[in-house]
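Accompanying notes for the structure given below.
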Amino acid sequence: MTDWTCAFSADGAIRWYYAACCGVFNAVLEHDGSFSVLPAASSAERAVKRSALDVITHQGLDFWQPRLPPAFLDCSFALAINQQRVLTLATKFSRQDHLMTLAEALQRFNRKERHWLVRDALGETSRRLDCNFLKRVEAAVRCRDSTFSADPAAWWAIDFHIDWLVAALHAHCSPDAATARQSNGDRRVTGSQQDIDLVVVSGTTLILIEAKGVGSWRGAGLDQKIGRLAALTPSVFGADGLLGDVRTHFLLCSPGPAPSLDVTPWPSWTLVDGRPLHIPMKVSAEGGPLLRVERCNDKNRSDAGGEFWHAVEDRPGNKLVRNVDLRPILKPVS
């Protein structure tokens, strides 16, 4: 490219590139670990003069050093390291490289406060999903796609609105028209708060996960979401969950065995051999057996119209969870 530059994304998405500006050459480090070296034409020099941006300040040299090809550490490349031991990278935006990855497209619409509260509360470690959980997801997805391998750095979000999914997939497939007005004659955007419990993105694989704890799967909530996904097939998700380069999968997640459900209205891409994919949820009751609240009468019998309430053991729920008594662990030292 004559006016080559690099687009930048802090989460290291595949289609965006990192660049280290050096005296004579520009070395481009791609997310997959490969790199290329190009002459530092005036565009690179202008990028440095415009402003040498200290980027990825949340990741230190210890993160980047094992990812850098040996040539980056050679004296031929004078990488600047600031006082925070962070690589100083000069970057300039290029429309030619502005291809929005699937994760980036979804991230642009992720405005759920609960997601950001969890991320803030758990800190930087919450950027990645647990590897054991990812292995369960990978095993389930491979029932539909035997070649699937979950990225350890897979992007995720909770309570992601289905309207946002529609818009994000449009932005990914048509980045030049990401904010352009679109026809809503088919009512694919409803303005509702209907959401997916957990969305996971690994490359161009989109995984939608619906979860249930100790309650029942049989209810209007799941039926309504399945109806919405069916209405968006094939326009948004494709006839078989494949549209463009995005392949979508749908999983259920709950303690215990997979539920037995009437899947007659379910889109074909949400099923394998006529059954929904399911991954076990690991739940620990850390304060002892679970309790539930119910209304009752003066005889302590369950009564929705009763004038009293009480707490009772959730026997069905306790059959599904692992009870862990933390009291000996939390006992104060005398």
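Equivalent ellipsoid of region 118-187: semi-axes from √(5λ) of the C-alpha gyration tensor, largest first, are 29, 19, 11 Å. Applying 1/(1 + (r/R0)^6) with R0 = 25 Å to the Cβ-Cβ distance of ASP186 and ASP120 gives a FRET efficiency near 0.10.
In the calculated pair distance distribution of region 221-286, what percentage of Cα-Cα distances lie above 19 Å?
For region 221-286, the share of Cα pairs beyond 19 Å comes to 37 percent.
Stretching VAL293 away from PHE308 to a fully extended chain increases their span by 4.3 nm, per 0.36 nm per residue minus the current alpha-carbon distance.
Could you rank the peptides 243-256, 309-322 by their average count of other C-beta atoms within 10 Å per residue, with the highest value first? Walk me through the numbers before you get to the answer.
Working: 243-256: 19.4, 309-322: 13.5.
Highest-to-lowest ranking by the protection proxy: 243-256, 309-322.
What shape does region 102-282 have by the C-alpha gyration tensor, where a ≥ b ≥ c are the square roots of the eigenvalues, rounded means a/c under 1.5, and otherwise prolate means a/b greater than b/c and oblate the rest?
Working: a/c = 1.37, a/b = 1.10, b/c = 1.24.
Note, shape of region 102-282 comes out rounded.
Between LEU277 and LEU252, VAL272, the built amide H atoms are under 5 Å apart, and every one of these is 5 or more places off in sequence or on another chain.
Order 175-187, 273-285 from most to least packed using the mean count of other Cβ atoms within 10 Å.
Working: 175-187: 9.9, 273-285: 15.3.
So the peptides 175-187, 273-285, ranked by packing, come out 273-285, 175-187.
Could you let me know the centre-to-centre spacing of region 104-125 and region 173-241, using Cα atoms, in angstrom? Computed from Cα coordinates, the inter-centre distance equals 19 Å.
Taken together, the values in this text are just the output of simple stated rules run on the coordinates, not laboratory data. Keep in mind the model is a prediction, meaning the values are calculated, not measured. Note: ideal-geometry Cβ built from the backbone for every residue, glycine included; neighbour counts use all protein chains shown.
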